[in-house]
Amino acid sequence: MHEPFNPHCSHCRKFVYCFSLDGPLADWGYCEEEVANGPPAEDELRSLEAAARQSNYAVLFSAPLPVYQETDDGCAHFVPR
């Protein structure tokens, strides 16, 4: 059994928070397992953050980057922090 019991992204060593802590995407990030070519480029991340600040969240769901809001769905890649 995982500790904590539900394998939540915020408890996983592989989940990387990559947006400003005071921004609308503070609880968004990416899993290191899903970025084969290394972390997303800083300019791409800032572009997504700027769109979110303008309430243009559609850009997030159509972006080619594998960023998402932390979830508690569980994951086969889970490694406790």
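The numbers here are math on the coordinates, done by the rules we state, and not lab data. A quick note: this is a predicted structure, and the numbers were derived from the prediction, not measured. Positions of Cβ are generated from backbone atoms using ideal geometry, with glycine treated the same way; all protein chains shown enter the neighbour counts.
Sorting His11, His77 by the number of Cβ atoms found within 10 Å of their own Cβ, with the fewest placed first, yields His77, His11.
Residues of the chain were split at every exposed loop site, defined as chymotrypsin sites (Phe, Trp or Tyr not before Pro) in a DSSP loop with at most 14 other C-beta atoms within 10 angstrom, and the longest piece left, sites excluded, is 6-56.
When shorter helices are ignored and each DSSP H run of at least 4 residues is given -39500 (n - 2.57), the per-residue value for the chain at 222 nm works out to -6000 deg cm²/dmol. For the range 49-57, backbone phi angles converted through the Karplus equation (6.51, -1.76, 1.60; θ = phi - 60°) give residue-by-residue couplings of 5, 5, 5, 5, 5, 9, 6, 9, 6 Hz, Gly and Pro being listed as x.
Strictly greater than 14 Å: what percent of every Cα pair in the chain meets that? For the chain, the share of Cα pairs beyond 14 Å comes to 62 percent.
Summing Lys and Arg as +1 and Asp and Glu as -1 over all other residues whose Cβ lies under 13 Å from the Cβ of Leu21 gives a net charge of -3. Other residues with beta-carbon under 12 Å from the beta-carbon of Val35 carry, at +1 per Lys or Arg and -1 per Asp or Glu, a net charge of -3.
Fully extending the segment from Ala58 to Ser10 would add 14.9 nm, taking 0.36 nm per residue of separation and subtracting the current Cα-Cα distance.
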